[in-house]
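Working notes for the structure below.
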Amino acid sequence: MAVKDRDRFSTATRIKLLGEQTAARVYRSQTKRQARRSRLTGRAALLALVLCSLVVALAYPIRQYVSQRSEISDLQRQKEQARERVEQLRDLKARWQDDSYAEQQIRQRLHYVMPGETGYIVVGPHAGRQSRTELGAADRPWYTNVWDGVDKSDASDR
């Protein structure tokens, strides 16, 4: 027993025992730290999962919202264009209600003349070089415009 006691109180044995105790304390503190880290990692993973779920859940509605806002702005633009077109047509209708405007348009487009007037079609120097389709509708006689309309409608049926 004396050898055992002496061995127990020897410096080498004490240092060895102290080293083992210190190693055990360090190991325990590391496992506690790792336990805390693993809890943080679990929380972080759960938070990441929740955030990803929110992003996935909100992606489609946000895309739909942006698409609908774009469609609404397009429809508002079309509405404004239609309103402007209606205003133009109202102005044109009001002009056609005026007899002097209607008479002017009939004379210009159909080459009509009033009773007692003599109608002339002046042929310029370039008349021989242009065909009748190159002339504007107002520059041709009215019967040519009518016949061209018949030809076009006949061609569209085929």
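The values are calculated or read from the model by the stated rules, or taken from the named source; none is laboratory data. Please read all numbers here as calculations on a predicted model, not as lab measurements. Note: ideal-geometry Cβ built from the backbone for every residue, glycine included; neighbour counts use all protein chains shown.
List every residue pair whose Cβ atoms sit under 7 Å apart, with the two residues 6 or more apart in sequence or on different chains, where the first one lies in region 95-122 and is in contact (Cβ under 8 Å) with a residue 24 or more places away in the chain and the second, anywhere, is surrounded by 12 or more Cβ atoms within 10 Å (Cβ to Cβ) and part of a loop (DSSP other than H, G, I, E, B).
From region 95-122, the pairs are His111/Pro141.
Going by what's in this entry, would Tyr60 be described as loosely packed, with under 10 Cβ neighbours inside 10 Å and farther than 29 Å from Asp148 by Cβ?
Judged against the criteria, Tyr60 is a match.
Would it be correct to say that Leu54 is assigned to a helix (DSSP H, G or I) and at pLDDT 80 or above?
Considered against the rule, which asks whether it is assigned to a helix (DSSP H, G or I) and at pLDDT 80 or above, Leu54 comes out as yes.
Could you identify the single residue in Arg83, Arg90, Arg69, Arg132 that is at pLDDT below 90 and out of contact with any Phe, Trp or Tyr (no Cβ under 9 Å at 6 or more places or on another chain)?
Arg132
Of all residues in region 100-129, which are surrounded by 10 or more Cβ atoms within 10 Å (Cβ to Cβ), modelled with pLDDT under 85, not in a helix (DSSP H, G or I) and not aliphatic (A, V, I, L, M)?
Residues satisfying the conditions are His111, Gly119.
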